[in-house]
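Structure, as structure tokens:
Nothing in this text is a laboratory measurement; each read-out follows from the coordinates by a stated rule. Everything quoted here is computed from the prediction, not taken from an experiment. No Cβ is skipped: glycine too gets one built from the backbone with ideal geometry, and neighbour counts run over all protein chains shown.
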Amino acid sequence: MNPIDIKKEILFFCIQNSKEENIKKYSRYFKGGFVGYGLDTGLIEKKVKEIISENKMDIQSAYSVCKLLVKEKEYEIPSFALLMLNEFSKEFNDETFREIGSWFSLGINNWAHTDVLVMYFFPVFWKEEIICLEDLSNWRTAENKFQRRCVPVAMIKYLKHSTDYPKMFAFIDSMMMDPEREVHQGLGWFLRECWKKDRTQTEAFLLKWKNDCARLIIQYATEKLTKEERLQFRKEKV
């Protein structure tokens, strides 16, 4: 079956298994509501394995199908792409990194798909040294805010492999004035994880930025501090 036919099969499967109650439930997690079919996650995982097996797919054919799937606005369709490519994790290489990078110009447009993408792919990228931190340089200024969010969220996984905090903080320095909330959340999340591992260096970086960066970054990053400890990270009054 060719990629277009596989996509058609997936669309039909989603329509056949749509659940209105799930659509209502998922809507609370998405600003502006949930656009999708309300499928149970387990169903998607099972269908992905079935499609790969029946079509004797390899990673190259997965790339072709996934490019078609990530363009769709219904939530489950890009989810199929993420799960499908993840089935080939043992074959990930630098081409895989380039492929998922291209997805952001096609249709990755919410925090959930962004964070799942990080969860599936980046642990392998870092562990197998498929990429280095500098390979994310262009992502920091990408047009898609979710590709920019991906940088600090992916760096959380990088913390398992590096303790070079000056290097990591220098890498995100240019992102600290990003205008988008989703990026602020990602940066704050990363800095909170850094704080758990090296409080001194992380707090020094936060003090440097406390008067200029978005307050949401500071809020997320200092979440584990006591009320009294957070006082030093308040923006100074001019």
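Structure notes:
- Selection from TYR165, PHE122, LEU136, by position along the positive dipole direction of the chain (Cβ): TYR165
- When the Cα positions of ILE51, THR41, VAL65 are compared along the charge dipole of the range 1-91, THR41 comes out farthest toward the positive end, with charges on each C-beta of Lys, Arg, Asp and Glu.
- With R₀ fixed at 25 Å, the C-beta to C-beta distance from LEU43 to SER102 puts the FRET efficiency at about 0.35.
- Cβ-placed point charges (K, R +1; D, E -1), dipole of the range 67-220 about Cα centre in debye, nearest 20: 580 debye
- Cα gyration tensor shape of the chain, rounded if a/c is under 1.5, else prolate or oblate by comparing a/b with b/c: prolate
- Placing a pseudo-label 7 Å from each Cα along the Cα-to-Cβ vector at GLU20 and GLU228 gives an inter-label distance of 5.6 nm.
- Segments 25-33, 100-108 sorted - mean Cβ within 10 Å per residue, highest first: 100-108, 25-33
- Shown for THR226, THR96: other C-beta atoms within 10 Å of each C-beta, ranked fewest to most, produce the order THR226, THR96.
- In straight-distance terms, cross-link reach from LYS67 covers every one of the lysines whose alpha-carbon lies under 22 Å from its own, apart from those fewer than eight places away in the same chain; here that gives LYS7, LYS8, LYS46, LYS47, LYS49, LYS56, LYS90, LYS145.
- Under the span-like rule (Cα at least 18 Å along the axis, Kyte-Doolittle mean at least 0.0), DSSP H helices of the chain: 3-16, 111-127
- The residues HIS161, HIS184, HIS113, when put in order of fewest to most other Cβ atoms within 10 Å, stand as HIS161, HIS113, HIS184.
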